[in-house]
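Undergrad: First the structure, which I've put down as structure tokens, then a few questions once you've had a look.
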2 protein chains.
Amino acid sequence: MSKKLTKRSEDYSKWYNELVVKADLAENSSVRGCMVIKPYGYAIWEKMQAQLDKMFKDTGHQNAYFPLFVPKSLFEAEEKNAEGFAKECAVVTHYRLKNDKENSGKLIVDENAKLEEELIVRPTSEAIIWNTYKNWIQSYRDLPILINQWANVVRWEMRTRLFLRTAEFLWQEGHTAHANKDEALREAELMNNIYSDFAQNFMGIPVIKGLKSESERFAGAEETYCIEALMQDGKALQAGTSHFLGQNFAKAFDVKFANKEGELDYVWATSWGVSTRLMGALIMTHSDDNGLVLPPKLAPIQVVVIPIYRSDEQLYEITKKITPILDELKRKNISVLFDNRDTHKPGYKFNEHEIKGVPIRIAVGPKDLENSTLEIFRRDKMKKELIDFDKIFDKIDFLLEDIQTNIFNKAQTFTNENIRIANSYDEFKSIIKNKGGFVSAHWDGSNETEEKIKKETKATIRCIPIDSHKEKGLCMISGKPSTQRVLFAKAY
Amino acid sequence: MSKKLTKRSEDYSKWYNELVVKADLAENSSVRGCMVIKPYGYAIWEKMQAQLDKMFKDTGHQNAYFPLFVPKSLFEAEEKNAEGFAKECAVVTHYRLKNDKENSGKLIVDENAKLEEELIVRPTSEAIIWNTYKNWIQSYRDLPILINQWANVVRWEMRTRLFLRTAEFLWQEGHTAHANKDEALREAELMNNIYSDFAQNFMGIPVIKGLKSESERFAGAEETYCIEALMQDGKALQAGTSHFLGQNFAKAFDVKFANKEGELDYVWATSWGVSTRLMGALIMTHSDDNGLVLPPKLAPIQVVVIPIYRSDEQLYEITKKITPILDELKRKNISVLFDNRDTHKPGYKFNEHEIKGVPIRIAVGPKDLENSTLEIFRRDKMKKELIDFDKIFDKIDFLLEDIQTNIFNKAQTFTNENIRIANSYDEFKSIIKNKGGFVSAHWDGSNETEEKIKKETKATIRCIPIDSHKEKGLCMISGKPSTQRVLFAKAY
């Protein structure tokens, strides 16, 4: 906790990397590109999981579990999907090690234990799941199937960053099967709306809902819904995606059903997921030069109470006064920590909980006992005030709500201020270069134009917004007609 | 649901395999030895997870997440552990596939993407975790570390069975670090007690707590605590283990700490785990020839309500009458399903919920509406009775408790009746051959004797019981002195 955090304005990327480690969220492991999620980071992820899981179940989904491995022959069945992931997958080729005769105590791969067919560590589970659904679906009575899986997946990324891009990451992946196209499309949109609701109302992250352009779609999808968020450095972050897969996987795995009229047809599919990448979005949306800022709804510790004392007797008196408060807060399901460690001084504790983003800090010393007061500090605004002891519960209730609202509004204002309209390519390039953020511009819908812009500016189409006003215009590059503006940005 | 289940007395093993599939718990996948856990089976596992997770957190443990892969050099660091798992591990050797030029649409391993060092898919995580703890521990102030991980692991078993033995399985693994031996030993025993409490009071499975003999210990442990349960076919099942690892992993990974006196010492360790294997124990302890029997505390559906009707109007009347009951049950956190599917007849539904082990079934027909009655059925005893409509809540409260108690008591009686004392090796062999169950016998503590018994009878030492009376005697094989009887059995 001793060394100061790099300032965002000095080096945003360095600030992020330092913060993840200093706030005790995660660290790099000795396995290339794989991270260790530390207890404090994992506790935030668990809160996210619990809320998402509830939202999935409330909309009729059930959890299940499918194998970690995908046999190569299944992996390659849906060609576009295979092509999208083949270049970055971990391949299991053997199932045994043996002693190295030339190096005592060392092990080597046993060449006699080579697998007949290689196994791919799942980068995503459409293939293994649709190969399973094939046996579950005969008639329309078996539909819909609404299943979610919490799992780890592996994508052999070359450049990795904690939470944002790791070789192994944790996620949930929903995989649903439907009797008709409309229902599948509605499901894909519903789940994107759930992600949006979750991001905004629980994580306090404003997002823009939209559709991906063809080149940015999930490999194997016919349509990809997404939510896009804007980080403080003006780069966008894709926070969740929900795919309408058409009948692609049903065709690849020959999954047909008899409809009510007894006719056979291929099943319609969706898949949707969010991952530990959301932790990166959480960190980069709210945090400041003092460390993490957490929305109260996801904070593992919502309130920390720090006793200020010089003698055991003072600590005893403070503890006596504070204990009923701690009990009452716990009864109200508010997560509270009484940090009475005698190994660290108050200043150290203040700093530690600040960098870890605990929303509310309460300090109590002997003087407070005399005056029946408490010092209460809100992390989002870095403001402290002295309050009457008997105002404590009202104040905490107020702050938990107010901090949640305040950090969302702050981020929403930032996002709104960083969506800029460009009416010419020069204007576009200037904004991307000098200001960052989202740029709203007309685009002719072609891959070529998109590719040219990406190559020249590094900005990509983040999404074709769903809720925005549909304004017709002319593509800033080709001059061809455009039916609505789309959002460009440089992205994580 | 149509075909009858094989009877236990006909073929216990076949009964088990059929039941797992018919009760919709799990099925084999297209990946050798890996299973698909279906929504109903996964819902039971989720209930188990939630309860265990609470018990871990209540005793000061936190969750975290460590990488799926273990680099070979770390894997081999603790020699006994490495030796124990080297013969059955999945090895990742490459990180890319490429198009097969000779077979369009097919993929092959890209030999240019060979890893410099092979990665082992974790069969257990001591190695990767202790390599991480090394950086977390400098002084006694950093201890204890009390961490648990929920994860998937892979052990390349040759003969697999759903839940009981699968190449990939889900589990939790606790990994703790302590400043002294006593504390680590207490932790290992505490966690074994938690497993015992969980097995008995939530799963309704009676267990015997004990220590493993040296040959049955976890590879790398100095002492292995365990809980052993007896299945209905007289075979034992190891339901959970908790290991005192001494300083073995600290030495292998050079993890030292400065104690209060400033002296450096190696850290003491424990690890402990239970897995989806517990699902197998659950199934085999309680179920009968009609299907699954579930303890109410783990049943995804505790009460199913089936309307008996011939017309839409009747269904409407039944629904009107039942709805307030459903609402009240949900309010009481009782999981209830109103099975009003119009695609299936009542008989089919009765059968389905019977085989799936729903503890309480309520049937309501037009006559019940007239008479203000309900038919209530308890799955454990396969008994139904007619009750007054206004007794419904009391009856359900009573049954949920009574079924939980009854199935535990039934299993406890069975276990007690199947612990037999043998005072000679002939007697021992006869019991193992003709009756099965646990055999309590004197053993001289040597590997040779244990090995001889295993070879000749297939029975192994399941545990050296902790809570049993310590009766001195003579080993049934060698005649050498024995300090207490130990429990033998054939085991899963």
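The values are calculated or read from the model by the stated rules, or taken from the named source; none is laboratory data. Owing to the predicted nature of the structure, the values given are computational and were not obtained by experimental measurement. Reconstructed Cβ throughout: ideal geometry from the backbone, glycine too, with neighbour counts over all protein chains shown.
Undergrad: Please go through segment A:145-176 and pick out each residue that is farther than 20 Å from A:Val274 by Cβ and away from chain B (no Cβ under 13 Å).
TA: A:Arg159, the sole residue that qualifies.
Undergrad: Turning to a different aspect of this structure: Only one of (1) more than 30 Å from B:Trp136 (Cβ to Cβ); (2) in contact with a strand residue (DSSP E or B) (Cβ under 6 Å, 6 or more places away or on another chain) fails for B:Arg277. Which number is that?
TA: Of (1) more than 30 Å from B:Trp136 (Cβ to Cβ); (2) in contact with a strand residue (DSSP E or B) (Cβ under 6 Å, 6 or more places away or on another chain), only one is false for B:Arg277: (2).
Undergrad: Only one of these is under 21 Å from A:Cys34 (Cβ atoms), assigned by TED's automatic domain parsing to the domain that holds B:Arg217 and out of contact with any strand residue (DSSP E or B) (no Cβ under 8 Å at 6 or more places or on another chain): B:Asn131, B:Asn152. Name it.
TA: On the way: B:Asn152 fails: out of contact with any strand residue (DSSP E or B) (no Cβ under 8 Å at 6 or more places or on another chain).
Of the residues listed, the single one that is under 21 Å from A:Cys34 (Cβ atoms), assigned by TED's automatic domain parsing to the domain that holds B:Arg217 and out of contact with any strand residue (DSSP E or B) (no Cβ under 8 Å at 6 or more places or on another chain) is B:Asn131.
Every residue, every condition in (1) under 18 Å from A:Leu115 (Cα atoms); (2) touching a helix residue (DSSP H, G or I) at 6+ places or on another chain (Cβ under 9 Å); (3) among the polar types (S, T, N, Q), yes or no:
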{"site": "B:Ala64", "(1), (2), (3)": "no, yes, no"}
{"site": "B:Ser73", "(1), (2), (3)": "no, no, yes"}
{"site": "B:Ala77", "(1), (2), (3)": "no, yes, no"}
{"site": "B:Leu97", "(1), (2), (3)": "yes, yes, no"}
{"site": "B:Ser104", "(1), (2), (3)": "no, no, yes"}
{"site": "B:Leu107", "(1), (2), (3)": "yes, yes, no"}
{"site": "B:Asn112", "(1), (2), (3)": "no, no, yes"}
{"site": "B:Ile120", "(1), (2), (3)": "yes, yes, no"}
{"site": "B:Ala127", "(1), (2), (3)": "no, yes, no"}
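Undergrad: Any idea which of B:Lys433, B:Lys429, B:Lys395, B:Lys410 is surrounded by fewer than 17 Cβ atoms within 10 Å (Cβ to Cβ), of a type in the set (Lys, Arg), in a helix (DSSP H, G or I) and modelled with pLDDT of 95 or more?
TA: Details: B:Lys429 fails: surrounded by fewer than 17 Cβ atoms within 10 Å (Cβ to Cβ); B:Lys395 fails: surrounded by fewer than 17 Cβ atoms within 10 Å (Cβ to Cβ); B:Lys410 fails: surrounded by fewer than 17 Cβ atoms within 10 Å (Cβ to Cβ).
Result: B:Lys433 is the single residue among B:Lys433, B:Lys429, B:Lys395, B:Lys410 that is surrounded by fewer than 17 Cβ atoms within 10 Å (Cβ to Cβ), of a type in the set (Lys, Arg), in a helix (DSSP H, G or I) and modelled with pLDDT of 95 or more.
Residues checked against (1) in contact (Cβ under 8 Å) with a residue 24 or more places away in the chain; (2) not polar (S, T, N, Q):
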site	(1), (2)
A:Lys114	no, yes
A:Ile120	yes, yes
A:Trp130	yes, yes
A:Asn135	no, no
A:Arg141	no, yes
A:Asn148	yes, no
A:Arg161	yes, yes
A:Leu164	yes, yes
A:Ala167	yes, yes
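Undergrad: Within segment B:71-78, does at least one residue satisfy the condition of being more than 7 Å from every other protein chain (Cβ to nearest Cβ), under 27 Å from A:Asn28 (Cα atoms) and exposed (fewer than 15 other Cβ atoms within 10 Å of the Cβ)?
TA: Yes: one or more hits.
Undergrad: I'd like the residue in segment A:442-468 that is part of a loop (DSSP other than H, G, I, E, B) and either free of Cβ contacts under 8 Å to residues at least 12 places away in the same chain or aliphatic (A, V, I, L, M) (or both) and, out of all such residues, is nearest to A:Glu216 (Cα to Cα).
TA: Step by step, filter segment A:442-468, then rank; the result is A:Ala459.
Undergrad: Now a separate question. Going by what's in this entry, would B:Glu102 be described as assigned to a strand (DSSP E or B), at negative phi and more than 9 Å from chain A (Cβ to nearest Cβ)?
TA: Details: assigned to a strand (DSSP E or B): no; at negative phi: yes; more than 9 Å from chain A (Cβ to nearest Cβ): yes.
For B:Glu102, the condition - assigned to a strand (DSSP E or B), at negative phi and more than 9 Å from chain A (Cβ to nearest Cβ) - is not met.
Undergrad: Please verify whether B:Glu401 is at pLDDT below 95, within 25 Å of B:Ser196 (Cα to Cα) and acidic (Asp, Glu), treating the condition exactly as stated.
TA: Values: at pLDDT below 95: no; within 25 Å of B:Ser196 (Cα to Cα): yes; acidic (Asp, Glu): yes.
Spelling it out, it is not the case that B:Glu401 is at pLDDT below 95, within 25 Å of B:Ser196 (Cα to Cα) and acidic (Asp, Glu).
Undergrad: Please work out which one of (1) assigned by TED's automatic domain parsing to the domain that holds B:Gly174; (2) among the β-branched types (Val, Ile, Thr); (3) more than 30 Å from B:Val358 (Cβ to Cβ) is the condition B:Val109 fails and give its number.
TA: Unmet condition: (1).
Undergrad: Also, I was wondering about something else. Take A:Lys57 and tell me if it is farther than 30 Å from A:Phe350 by Cβ, of a type outside the set (Gly, Ala, Ser) and touching a Gly at 6+ places or on another chain (Cβ under 7 Å). Before the answer, list the steps.
TA: Working: farther than 30 Å from A:Phe350 by Cβ: yes; of a type outside the set (Gly, Ala, Ser): yes; touching a Gly at 6+ places or on another chain (Cβ under 7 Å): no.
Judged against the criteria, A:Lys57 is not a match.
Undergrad: Please name all residue pairs, on different chains or six or more residues apart, with Cβ atoms under 6 Å, provided the first residue is in segment A:361-376 and is among the small types (Gly, Ala, Ser) and the second residue is assigned to a strand (DSSP E or B) and surrounded by 17 or more Cβ atoms within 10 Å (Cβ to Cβ).
TA: Cβ pairs passing all conditions: A:Ala363/A:Ile306; A:Ala363/A:Glu375.
Undergrad: Working only within segment B:118-137, note down all residues that are under 15 Å from B:Glu78 (Cα atoms) and within 8 Å of chain A (Cβ to nearest Cβ).
TA: If the condition is that a residue be under 15 Å from B:Glu78 (Cα atoms) and within 8 Å of chain A (Cβ to nearest Cβ), then B:Ile120, B:Ile128, B:Asn131, B:Thr132 are the ones that fit.
Undergrad: Is it the case, given these coordinates, that B:Glu375 is under 21 Å from B:Thr323 (Cβ atoms), outside any strand (DSSP E or B) and not assigned by TED's automatic domain parsing to the domain that holds B:Val21?
TA: On the way: under 21 Å from B:Thr323 (Cβ atoms): yes; outside any strand (DSSP E or B): no; not assigned by TED's automatic domain parsing to the domain that holds B:Val21: yes.
Taking the combined requirement at face value, the residue does not satisfy it.
Undergrad: If you don't mind, another one. Anything in segment A:165-190 that is assigned to a strand (DSSP E or B) and among the charged types (D, E, K, R)? List them, or say none.
TA: As a first pass, look at segment A:165-190 and keep what is assigned to a strand (DSSP E or B): A:165, A:168-178.
Hits for segment A:165-190 are A:Arg165, A:Glu168, A:Glu173.
Undergrad: Within the set of pairs 6+ apart or on separate chains, which have a first residue in segment A:231-255 that is closer than 20 Å to A:Glu126 by Cα, a second that is of a type in the set (Asp, Glu) and in a helix (DSSP H, G or I), and C-beta atoms under 6 Å apart?
TA: A:Phe249/A:Glu126
Undergrad: If you take the residues in segment B:469-492 that are of a type in the set (S, T, N, Q) and part of a loop (DSSP other than H, G, I, E, B), which one is surrounded by the most Cβ atoms within 10 Å (Cβ to Cβ)? Full working, then the answer.
TA: Quick first cut of segment B:469-492, residues of a type in the set (S, T, N, Q) only: B:478, B:482-484.
Going one step further and asking which of them are part of a loop (DSSP other than H, G, I, E, B), we end up with B:478, B:483-484.
Values: B:Ser478: 17, B:Thr483: 14, B:Gln484: 15.
Looking at the filtered set, the residue picked out is B:Ser478.
Undergrad: Could you please give the count of residues in segment B:21-47 that are closer than 17 Å to B:His353 by Cβ and within 14 Å of another protein chain (Cβ to nearest Cβ)?
TA: Quick first cut of segment B:21-47, residues closer than 17 Å to B:His353 by Cβ only: B:21-25, B:38-41, B:43-44.
Still in the running and within 14 Å of another protein chain (Cβ to nearest Cβ): B:21, B:24-25, B:38-41, B:43-44.
Of the residues in that region, 9 qualify.
Undergrad: Go over the candidates A:Tyr309, A:Tyr348 one by one and state the one that is part of a helix (DSSP H, G or I) and aromatic (Phe, Trp, Tyr). Don't jump to the end; show me each part of the working.
TA: Details: A:Tyr309 fails: part of a helix (DSSP H, G or I).
Matching residue, one of A:Tyr309, A:Tyr348: A:Tyr348.
Undergrad: Could I ask something else about it? Of all residues in segment B:79-91, how many are part of a loop (DSSP other than H, G, I, E, B), more than 22 Å from the chain's Cα centre (by Cα) and crowded, with 16+ Cβ neighbours inside 10 Å?
TA: Step one: list which residues in segment B:79-91 are part of a loop (DSSP other than H, G, I, E, B), which gives B:87-90.
Pick out the ones that are also more than 22 Å from the chain's Cα centre (by Cα) and you get B:87, B:90.
From what's left, crowded, with 16+ Cβ neighbours inside 10 Å: B:90.
Total meeting the criteria: 1.
Undergrad: In segment B:48-70, what count of residues is obtained for those that are crowded, with 19+ Cβ neighbours inside 10 Å and either within 7 Å of another protein chain (Cβ to nearest Cβ) or within 17 Å of the chain's Cα centre (by Cα) (or both)?
TA: Taking segment B:48-70 as the starting set, the residues that turn out to be crowded, with 19+ Cβ neighbours inside 10 Å are B:48, B:52, B:56, B:61, B:63-70.
Still in the list and also either within 7 Å of another protein chain (Cβ to nearest Cβ) or within 17 Å of the chain's Cα centre (by Cα) (or both): B:48, B:52, B:56, B:63-69.
Result for segment B:48-70: 10.
Undergrad: Go through the residues of segment A:82-92 one by one and say whether even a single one is acidic (Asp, Glu), out of contact with any Phe, Trp or Tyr (no Cβ under 8 Å at 6 or more places or on another chain), facing chain B (nearest Cβ under 8 Å) and in contact (Cβ under 8 Å) with a residue 24 or more places away in the chain. Spell out the reasoning first.
TA: Filtering segment A:82-92 for residues acidic (Asp, Glu) gives A:83, A:88.
So of that shortlist, the ones also out of contact with any Phe, Trp or Tyr (no Cβ under 8 Å at 6 or more places or on another chain) come out as A:83.
From the residues that got through so far, the ones that are facing chain B (nearest Cβ under 8 Å) too are none.
Scanning segment A:82-92, I find no residue that is acidic (Asp, Glu), out of contact with any Phe, Trp or Tyr (no Cβ under 8 Å at 6 or more places or on another chain), facing chain B (nearest Cβ under 8 Å) and in contact (Cβ under 8 Å) with a residue 24 or more places away in the chain, so the answer is no.
Undergrad: For segment B:63-81, which residues satisfy the criterion of being within 18 Å of B:Phe218 (Cα to Cα) and touching a Phe, Trp or Tyr at 6+ places or on another chain (Cβ under 7 Å)?
TA: B:Ala77, B:Glu78
Undergrad: Now for a different question. For segment B:105-122, what are the residues that are in a loop (DSSP other than H, G, I, E, B) and either under 34 Å from the mean Cα position of the chain (by Cα) or among the small types (Gly, Ala, Ser) (or both)? Walk me through how you get there before you give the answer.
TA: The first filter runs over segment B:105-122 and keeps only residues in a loop (DSSP other than H, G, I, E, B), leaving B:105-106, B:110, B:122.
B:Gly105, B:Arg122, listed by residue number.
Undergrad: Being charged (D, E, K, R) and touching a residue at least 24 places away in the same chain (Cβ under 8 Å) is the filter here, so list the residues in segment A:343-360 that pass it.
TA: From segment A:343-360, those charged (D, E, K, R) are A:345, A:349, A:352, A:354, A:356; that's our starting set.
Result: A:Lys349, A:Glu352, A:Glu354, A:Lys356.
Undergrad: So which strands (runs of 3 or more DSSP E) are wholly in segment A:203-271 and hold at least 1 residues that are in contact with a strand residue (DSSP E or B) (Cβ under 9 Å, 6 or more places away or on another chain), of a type outside the set (Ser, Thr, Tyr) and more than 30 Å from A:Gln404 (Cα to Cα)?
TA: Values: elements: A:208-211, A:223-230, A:236-246, A:256-258, A:264-266.
It comes to A:223-230, A:236-246, A:256-258, A:264-266.
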